[in-house]
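Everything below concerns the one structure shown next.
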Amino acid sequence: MDLLYVHPHGHLNDLVVPAGALTSVNAFAGSKLGRYAFELDDDEILEARVVAADLHWALGVSGFAPLVRHVRALRPEVPIVVGGVTAGHLARELLDARLADFVLVGDSEVGFAALVEALVAGRATAGLPNVHARGEAPVARRMTEAEFDVTDCLTADWFPTYDAVSRLDAAAFPAGRTLPVARGCPLRCPDCYGSYASTYGAGYLVRSPAGVVGLLRRAAAMELANLRLFLGKLPAPRLDALIDAIAAAGPFPFDSMLGLFLCTPPSPEQCARLEAAFPGEVAFSMVPPAEHVPALPDATRAHEEGAWRTLAAHVRASSRAHLDAWTTARGSAERARALFAP
Ligand code: B12
Ligand code: SF4
């Protein structure tokens, strides 16, 4: 086996695997196996030519560190590659503490595939994009939208337990696939981290409408459940084009609720088209405009709040649409309730 990917324990729901881990491992074409830490067998570590793990949610560190120490004790020579949001922030610390030999920072798929290919072939690894290693100067590069468009967040036949449990329901944090429509966001609200602009390089990437439709068709054919789309705060013209494409290609026969993380208010007419495209229920999750960072100009904020109020009225009358606000600041839940109130 060329690549063994392990998802460590320590999370609120350990069954949830980062979307970026699936897209990164799928970018590597060689032989691969995915395991949760709880089902990992030492023989699998002994067979792997490269071991990868995620340190994505910071709370996973309690399982990540013992996992790496275990792999090191069994296979001191095997290269350990780590990726994820938290790993990206702590790349230097992980390398210095020998908790990783290579850390992917930011856009990971292109660099990860090239790195694992080089390690398996015994080639030099210096200079690969977004790959951090001890004693080497990293090369930062945003992926292009064309490269982002072909990232595969659905295939998981190499990770059989995830493939099975990701179809199950859960009261909180179901393990279903996340389809990243946008990577990053024009804004940088601290509780969301939607923007890579302030951390992993300028700008943000958006998948093409045709690319999203292709993934939705595949997800429906795979009979996946609890799919979520992360859209961030898409500029209105890109949201319009996406909804047009989805409406034209639908309906997509999902049995379960489809989640949309979307901070650009859709119109009631667009909401109705999405309800028609997804005959299961549709749930919008947003962060209220008053919490956006940098703060919106007063007129923009008032305009967006008005649009959310209009959408809330539509959702109240619909039996198949839901609207949630994600709030963490003091008093913000009350403000969100007031925003949605009749
Ligand atoms: C959708 C989402 C979820 C989904 C799950 C999505 C999933 N399966 O990936 C749900 C709703 C389940 C969720 C839950 C939680 N989430 Co969340 N989530 C997000 C959100 C909004 C989008 C993630 C996303 O799809 N990004 C786009 C994809 C493609 O990129 P990515 O996953 O970031 O991965 C990139 C790299 O990190 C890398 N990568 C990731 N893993 C790996 C692994 C390897 C081997 C490699 C090479 C690379 C790699 O690849 C990608 C780039 O190429 C982000 C915020 C944001 N705007 O990004 C928060 C975010 C990631 N979540 C966060 C948190 C805190 C949580 C919770 C702990 C919330 C809570 N307090 O209850 C839970 C934990 C869940 C658990 N496992 O128990 C934080 C993480 C902060 C931190 N450093 O810990 C974020 C940043 C938001 C925030 N600021 O609060 N989340
Ligand atoms: S909360 Fe919304 S607007 Fe703010 S960074 Fe995240 S996706 Fe963007």
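Neighbours of residue 73 by Cβ distance under 13 Å: Lys/Arg scored +1, Asp/Glu scored -1, total +2.
Put simply, the convex hull of the Cα atoms in the chain casts, on average, a shadow of 17.0 nm². Helical content alone sets the calculated 222 nm signal of the chain at -11000 deg cm²/dmol, taking -39,500 (n - 2.57) per DSSP H segment of four or more residues and averaging over every residue.
Cβ-to-Cβ counts within 10 Å put 204, 36, 5 in ascending order as 36, 204, 5, the fewest first. With +1 assigned to the C-beta of every Lys and Arg and -1 to the C-beta of every Asp and Glu, and no other charges, what is the dipole magnitude of the stretch 3-133 about the Cα centre in debye, to the nearest 20? Dipole size: approximately 260 debye. Note on the stretch 117-174: along the principal axes its Cα atoms extend 44, 28, 22 Å, ordered by decreasing extent. The angle between the Cα long axis of helix 109-121 and the main principal axis of the chain comes to about 20°, on a 0 to 90 degree scale. Annotation: the antiparallel percentage among DSSP beta bridges lying fully within the chain is about 15.
Each Cα pair under 8 Å and six or more residues apart adds its separation to the average, and for the chain the resulting relative contact order is 12 percent. With neighbours defined as other Cβ atoms within 10 Å of a residue's Cβ, the residues 157, 2 order from fewest to most as 157, 2. Out of every Cα pair in the stretch 19-135, what percent are spaced more than 20 Å from each other? So the pairs more than 20 Å apart make up 35 percent of the total in the stretch 19-135.
Taking the longest Cα principal axis of the chain as reference, the axis of helix 209-221 is set at about 80 degrees. Based on Cα atoms of the stretch 177-340, Rg over Rh with Rh as the Kirkwood radius reads 0.95.
When the Gaussian network model of the chain links Cα atoms closer than 10 Å, the mean-square fluctuations of 166, 208, 319 top out at 319. Multiplying the residue separation of residue 92 and residue 59 by 0.36 nm and removing their Cα-Cα distance gives an extension gain of 10.0 nm. The GluC sites (Glu not before Pro) found in the stretch 1-104 that occupy coil by DSSP, while having at most 11 further C-beta atoms within 10 Å, are 77.
In a simple Cβ point-charge model (Lys, Arg +1; Asp, Glu -1; nothing else charged), the stretch 177-340 has a dipole of about 280 debye relative to its Cα centre. The order of the peptides 14-24, 297-307 by mean Cβ neighbours within 10 Å, most packed first, is 14-24, 297-307. Selection among 71, 326, 45 by position relative to the dipole of the chain gives 326 as farthest towards the positive end (Cβ unit charges, Cα centre).
Throughout, read-outs are computed from the coordinates displayed, never taken from laboratory work. All values derive from a computational prediction rather than experimental measurement. All Cβ positions, even for glycine, are placed from backbone atoms using ideal geometry, and neighbour counts span all protein chains on display.
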